[in-house]
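Please read the structure below before turning to the comments.
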Amino acid sequence: MNLPELQNKLIAAARLKPPDDRVPYAFEKRIMAQLAARAAADHRMFWARGLWRAAAACVAVAVVFGAVSLFLPATPDNGNDLSQDFENTLLASADLPDNSAP
Amino acid sequence: MEQSEAELIAAVLKGDSASFEPLVVKYSPRVFSTARRYARRESEIEDIVQEVWLKAFGKLKTFRGEAPFEHWLMRLAVRTCYDFLRGHQRNRISSFSEISEPEEDWLEHFVAEPSHAAEDADAAKMLIDRVLEKLSPEARLVIQLLEIEDRSVKEIAEITGWSVPLVKVRAFRARGEMRKILARMTQDKYL
């Protein structure tokens with residue numbers, strides 16, 4: 001069997017019969033519909049991606065502040081208790097002796 | 001008034017995607033013809049062409065207008081076909097037992113009288129399609145572009161993105177691979 005000749009014959013056969021260039025009916029409409037669907041999906045993806053990034057940033061900030069509040073040494077209590085001060089101010093009038101009484 | 005190709009591309013880049021449709025209409029026959037060189041089933045061919053157009057739309061920003069749009073598009077089409085071949089590699093491993101009767105007749109005719117076997121016979125075309133299907137994706141691409149489409153090594157390097165020496169090496173290997181397939185095919189049938 002003459003393989004090089006067979007190879008040449010078969011390649012010549014392929015050259016002689018180029019594939020046809022027929023296009024299915026309304027193929028361009030299909031492509032344009034695909035592009036439109038893709039654009040809509042891209043729009044949704046844009047927002048979804050943005051929101052996920054924002055959520056991730058919020059979680060990171062919360063983690064950082066949580067870590068800071070956990071690991072920073074607590075401020076020494078020097079008697080300035082805000083809640084106690086607030087209570088004293090609010091009830092100051094009630095604690096005062098009533099001088100107007102006869 | 002009909003817009004020129006450059007105007008259509010500029011309009012698409014500005015956001016008017018409807019301007020892409022005339023380009024699809026104009027070049028789809030060429031893209032289909034290219035895809036039919038690498039895939040057999042019509043559904044696969046349509047998928048390839050669709051992929052080419054979606055890629056073309058997405059990558060249109062990279063088209064600089066130095067070469068004709070058709071060249072840029074055909075490069076994209078060939079690369080998409082090559083990706084398709086690589087994705088369907090396992091389909092090519094099969095025996096030659098499924099050769100049809102006309103193909104077998106043509107081969108017998110060739111064995112008996114090599115110079116009289118007609119190159120324009122449908123059986124010869126079917127046979128070469130069968131042989132091409134059995135080649136590796138690289139070999140098939142090189143044989144197709146170099147031997148069948150008669151392109152130069154430099155052109156193939158531009159289309160595929162391979163270097164010129166790599167194209168030459170792959171062409172050498174592809175011819176060897178093809179000869180081995182032909183030897184196996186004829187051994188299966190005539191030994």
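The values are calculated or read from the model by the stated rules, or taken from the named source; none is laboratory data. What you are looking at is a predicted structure, and each value in this text was computed from that prediction instead of being measured. Here Cβ is always computed from backbone atoms with ideal geometry, including for glycine, and neighbour counts include all displayed protein chains.
Numerical summary
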| item | result |
| --- | --- |
| Conditions (1) buried (at least 18 other Cβ atoms within 10 Å of the Cβ); (2) over 21 Å from residue B:5 (Cβ atoms): number failed by residue B:53 | (2) |
| Count of residues meeting criterion [more than 7 Å from chain A (Cβ to nearest Cβ), closer than 30 Å to residue A:11 by Cβ and either surrounded by 19 or more Cβ atoms within 10 Å (Cβ to Cβ) or not hydroxyl-bearing (Ser, Thr, Tyr) (or both)] in the stretch B:22-50 | 14 |
| Failed criterion for residue B:79 (all others in (1) among the charged types (D, E, K, R); (2) modelled with pLDDT of 90 or more; (3) within 30 Å of residue B:54 (Cβ to Cβ); (4) out of contact with any Gly (no Cβ under 9 Å at 6 or more places or on another chain) hold) | (4) |
| Lone unmet requirement of (1) free of Cβ contacts under 8 Å to residues at least 40 places away in the same chain; (2) more than 25 Å from the chain's Cα centre (by Cα) for residue B:9 | (1) |
| Only listed residue being under 20 Å from the mean Cα position of the chain (by Cα) and either in a helix (DSSP H, G or I) or modelled with pLDDT of 85 or more (or both), chosen from B:104, B:138, B:108 | B:138 |
| Of all residues in the stretch A:23-35 being assigned to a loop (DSSP other than H, G, I, E, B) and within 7 Å of another protein chain (Cβ to nearest Cβ), the one that is surrounded by the fewest Cβ atoms within 10 Å (Cβ to Cβ) | A:24 |
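Okay, residues lined up against (1) more than 7 Å from chain B (Cβ to nearest Cβ); (2) modelled with pLDDT of 90 or more:
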residue: A:4; (1), (2): yes, no
residue: A:19; (1), (2): no, no
residue: A:37; (1), (2): yes, no
residue: A:42; (1), (2): yes, no
residue: A:58; (1), (2): yes, yes
residue: A:62; (1), (2): yes, yes
residue: A:71; (1), (2): yes, no
residue: A:88; (1), (2): yes, no
